[in-house]
Amino acid sequence: MKIFIFTRKSLFISFFVISIIILIFICKFSSSLAIELSGNNKLSNDSMNEITNLTKGKEKIAYLTFDDGPSLVTPKILDILSKEDVKASFFVIGKYVEARPEIVKRAYEEGHYIANHTYSHNNSILYKSSESFTNEIKKTDIAIGNAIGIDGYSSLIFRFPNGFMSPQYKAKKKEMAKLLSQMNYTYIDWNCLNNDSIKKYTSSQLLNNLKKSSKNKDTLVILMHDTKDVSNSSLVLEDSIQYLKSQGYSFRNFYSIINNLK
């Protein structure tokens, strides 16, 4: 029978080797996530169709989405999401990403999906031409990529300012939707909201708006804003999440859909 004697030196070497193996594993995991979100990949037809028909789903799933950030409110929202163990999707504005890249980096590293909501959020610029529309998307993706450290980042999912369903610029939106498809992008609106961008509401009013908007619906794509320009959803976010959980909803973000890439 062989007897193994572990010296302090051998224990140190063993610990060092194990640490290197763990580090390599972490790096490989991070790289795979980066590849998922690079422009080298394409959304599968299944993923495209699932996103297009998301609000027709019959499961009680809530996709919590935040528009128009990052702002100084976003870290508080991230704190609440972490506390509630909820992963959300953030439709960010490129110029604000450039101003607050550390917030976007934190959101990404905590498992939230970073989607594209144009660079300027200015319709007169966005719809000026096909080139201008494309540029607004590309500049935002570059800003996100710089913030999170991924070259060639592609958000894959877009939200039109004011939503595709809005009658404003309807003809232009239909035209640009074709461009999005050529860029390997899809877009999504929402079927539930608390009206935090409509007018100044109290926290209880925001929660009631959400309750009314979600009534008798299965899969929810919820619109909120991580700003306080009109109403501040961060003040009622925790109560909103707890209400939806009490109604039997589970939470997902768009990573659960785009994991089937070409």
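Tabulated data
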| read-out | value |
| --- | --- |
| Cross-link pairs beyond the 31 Å C-alpha cut-off, checked among K60/K83; K172/K199; K60/K199; K138/K212; K76/K138 | K138/K212 |
| Among N208, I103, Q168 - extreme Cα towards positive end, dipole of region 99-217, charges at beta-carbon | N208 |
| Distance (nanometres) between label positions extended 7 Å along Cα→Cβ at S82 and M165 | 3.3 |
| Highest average packing first - 89-101, 140-152, Cβ atoms within 10 Å | 89-101, 140-152 |
| K199-E238 pseudo-label distance in nm [points 7 Å out on the Cα-to-Cβ vector] | 2.9 |
| Amide H contacts under 5 Å for V221, placed H, 5+ residues apart | Y63, N191, C192 |
| Förster-model FRET efficiency, 41 Å R0, E175 and K228, C-beta, rounded to 0.05 | 0.75 |
| Set of lysines near K200 by C-alpha distance (under 17 Å), chain-local residues within fewer than 8 positions excluded | K228 |
| Contact order normalised by residue count of region 50-203, Cα under 8 Å, 6+ apart, percent | 21 |
| Gain on full stretching of the segment that runs from K138 to K215 - 0.36 nm per residue minus C-alpha separation | 24.0 nm |
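Readers should treat all values here as calculations from the given coordinates under stated rules, not as data from a laboratory. Predicted model, so just to flag it, every value in this text is computed and none were measured. So basically every Cβ, Gly included, is an ideal-geometry build from the backbone, and we count neighbours across all protein chains shown.
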